[in-house]
Amino acid sequence: MPASKTTSAPKTIESKLARLGLRTDMDLVLHLPMRYEDETKIVTIREACMRGLQTWQVEGLVVKNEISYKPRRQLLVTIQDDSGDLLLRFMNFYGSQVKQLSEGVRVRARGELKHGFFGAEMVHPTYKVVNEGAPLPTSLTPVYPSGEGLSQTILRRAIADAMRRIDWLDTVPEAIRARLRLMDFAPAVKLLHYPPKDADEHALIERSHPAWERMKFDELLAQQLSLKRAQQARREKGAPHLRAVGALSEAFLQALPFKLTNAQQRVVQEIRADLREGYPMQRLLQGDVGSGKTVVSALAAAQAIDSGYQAALMAPTEILAEQHFRKIASWMEPLGVKVAWLTGSLKKKEKTAANELIESGEAHLVIGTHALIQDTVQFAKLGLVIVDEQHRFGVGQRLTLRNKGSDGLVPHQLMMSATPIPRTLAMTYYADLEVSVIDELPPGRSPIVTRAIDQNRRDEVIERVHAAALEGRQVYWVCPLIEESEALQLQTATETYETLAEALPDLQVGLVHGRMKPLEKQTVMDAFSAGEVHVLVATTVIEVGVDVPNASLMVIEHAERFGLSQLHQLRGRVGRGSAASVCLLLYQSPLGQVAKQRLMTMRETTDGFEIARRDLEIRGPGEFLGARQSGQAMLRFADLETDQWLVERARDVAQHLLQHETPEHMAIVDAHLTRWLGGREEFLKA
Ligand code: ADP
Ligand code: MG
């Protein structure tokens, strides 16, 4: 459906409208009011004066018109109806207005009634000169979101004109409208622009009116259709068939020191089936911290290698990448797999050597940081890309890795995340992804007890740390997050380290922070892993992935500064072994409402999904996922929290329309996408 331009409006208006994103007639028609003014009723001046302080519309004849200079220059116009007098006061006015409002003229004025120095008055009312008996509007008057230099009058006219020109085709088939009890498109839009005077104004403002529901549904449907189309486009691309679950996969499972949990086995099957397909897998593997995602990803890599392809694993930090490297290499190298290591901090010579291994195909598996996506890295035959903690990477970074396939084939992609994404969000943000969930922890984990403790009891906490260390347990001491200043955060970490080292002279205290060289960090981490360091003071660099089962006590300082998901990630570093684990959240009182809620949630549950749900409740979806992934930003009308049920319906309808690809459906889908997304569809696909 070609969207016609608004050619009738003068250029300046057109460019002002464009600044609001209103370029086509349909854009204007879908620019819906935020509220309404009721100009359908007139009250008598007496009634307005008696009922007082709110907005009224009155009508009367001008009986007095004067310019007063006390206390400042102003125009004072008195109007009169059968019931009484009312003063209209204008502080800014034109000469033409003085004339326009001359004595004997009939005026319809609308404004807030106040009792001022001169008695009952309206200051700067909106008004119209009318003839006696001039008809009143029959619908509420829309007030639109506007921009600089665009008056409501101009907007109203532009929108009314556009409404006359557009094609009112209903892009939701009638049977579906009937089943979902949705209003038809045209009446819904018309009602929102010009609600009849008996409309439920409250429902209109709250956006719960059936007409709003239809708009939200349409908007969500466009989003779902667009995401599903992107998914179809992906399926049309070729990917290597990774058919073989062969010798390596079997030997690997044999050699593992533990048995896979049922949940792990299930997701391994899901991934295996995807990898055999000739189109690229795009699967998100969700599992709470410690649920054992790494071994699942290693099994996926084994399938790629068994099938004669390379696999790459990318992690967001060097510590995490190194830990994967060590663990996976220790599992796989004895089985004859060549694992290459690539990060930004390698010396030039080492980098060149790694690149040669990758390019020649000698390296079966490559593990590293975002250094993997650099132009200089050329894979011989990349079949599978694994991205750990995927939410830490931008869309662009993931796409670059995907482009590193050969022979025109797109590698399969497995993304891992310990931040569980609630269902509605997954449906709107990740409609293009398949999702696997590990919903079971490996056996033998002990529950973590969490306590919130006031900062002024720090000394007691230090004593507890001491006692725990003497029992042979290891301790993480997490330094406060200082978002405003990395330098300050570093200083705090160093000071904490010094205080603890001094307070605990018989213990080994270590320090890791983000500014250390990778090698230094690794030395400290190694010493901690080996049990030589008892207490590890750390900034949030340990947030993701670090795995030291003997660590069973964690202290988080200024816990009130961390977000829920962050706290959950941090806490996940303990409770990995068989010892009963404790997490102490030190806080600075007084606590704000949100912080209180967060700490309470942390005490109440260790279930990552439940925590994510509450986090979403506290923060809302935009902040929850970060602006980068904010699908909410693309939604003008629907609210992902309150309109969840509409999201589900929109998804089902999108699926239905695309599954039954009749020419009629295709035309409707195209029209719907053009209407709602215009040129913005590309953005959604990223
Ligand atoms: P995450 O999902 O947080 O990345 P990891 O993959 O690091 O978790 O696994 C956490 C720990 O659990 C590791 O020490 C890992 O070797 C161990 N693990 C994984 N799966 C199992 C299992 N089925 N049984 C016992 N231990 C397991
Ligand atoms: Mg992990």
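A few comments on the model shown:
- Members of segment 72-100 that are hydrophobic (A, V, I, L, M, F, W, C), touching a Phe, Trp or Tyr at 6+ places or on another chain (Cβ under 8 Å) and within 24 Å of Ala134 (Cβ to Cβ): Leu75, Val77, Leu87, Leu88
- Extreme residue, nearest to Leu285 (Cα to Cα), among residues of segment 375-408 that are at pLDDT 90 or above and open to solvent by 30 Å² or more (accessible area, probe 1.4 Å): Lys381
- Filter result for Asp218 (among the acidic types (Asp, Glu), crowded, with 23+ Cβ neighbours inside 10 Å and either without any contact (Cβ under 8 Å) to a residue 12 or more places away in the chain or within 16 Å of ligand 1 (Cβ to nearest atom) (or both)): no
- Hey, Leu225 assigned by TED's automatic domain parsing to the domain that holds Val268, in a helix (DSSP H, G or I) and not basic (Lys, Arg) or not: no
- Checked against (1) touching a Gly at 6+ places or on another chain (Cβ under 6 Å); (2) away from ligand 2 (no atom under 16 Å from the Cβ), Ala321 passes all but a single condition, namely (2).
- Test result for Leu253, surrounded by 22 or more Cβ atoms within 10 Å (Cβ to Cβ) and in contact (Cβ under 8 Å) with a residue 24 or more places away in the chain: no
- Out of Leu372, Leu414, one residue alone is at pLDDT 85 or above, in contact with a helix residue (DSSP H, G or I) (Cβ under 9 Å, 6 or more places away or on another chain) and either open to solvent by 10 Å² or more (accessible area, probe 1.4 Å) or more than 16 Å from ligand 2 (Cβ to nearest atom) (or both). It is Leu372.
- From the list Gln264, Gln282, the lone residue that is in contact (Cβ under 8 Å) with a residue 24 or more places away in the chain, within 14 Å of ligand 1 (Cβ to nearest atom) and not hydroxyl-bearing (Ser, Thr, Tyr) is Gln264.
- Note on segment 247-356: enclosed strands (runs of 3 or more DSSP E) holding 2 or more residues that are in contact with a Lys or Arg (Cβ under 8 Å, 6 or more places away or on another chain) and outside the structural domain of Thr523 (by TED's automatic domain parsing) are 282-287, 310-314.
- Of everything in segment 560-580 that is closer than 16 Å to Glu389 by Cα and within 15 Å of ligand 2 (Cβ to nearest atom), the residue that is modelled with the lowest pLDDT is Ser565.
- All strands (runs of 3 or more DSSP E) inside segment 95-212 with 2 or more residues being more than 30 Å from Ser15 (Cα to Cα) and either in contact with a Cys (Cβ under 7 Å, 6 or more places away or on another chain) or among the small types (Gly, Ala, Ser) (or both): 106-116, 119-123
- Meets criteria (buried (at least 23 other Cβ atoms within 10 Å of the Cβ) and either over 21 Å from Gly444 (Cβ atoms) or modelled with pLDDT of 90 or more (or both)) for Gln303: yes
- Taken residue by residue, segment 644-653 has no member that is more than 16 Å from Ser226 (Cα to Cα), modelled with pLDDT of 90 or more and surrounded by fewer than 14 Cβ atoms within 10 Å (Cβ to Cβ).
The values are calculated or read from the model by the stated rules, or taken from the named source; none is laboratory data. Just so it is clear, the structure is predicted and the values come from calculations on it, not from any experiment. All Cβ positions, even for glycine, are placed from backbone atoms using ideal geometry, and neighbour counts span all protein chains on display. Quick note on the areas: whole protein, heavy atoms, side chains included, nothing else; ligands and nucleic acids left out. Shrake-Rupley method; radii C 1.70, N 1.55, O 1.52, S 1.80 Å.
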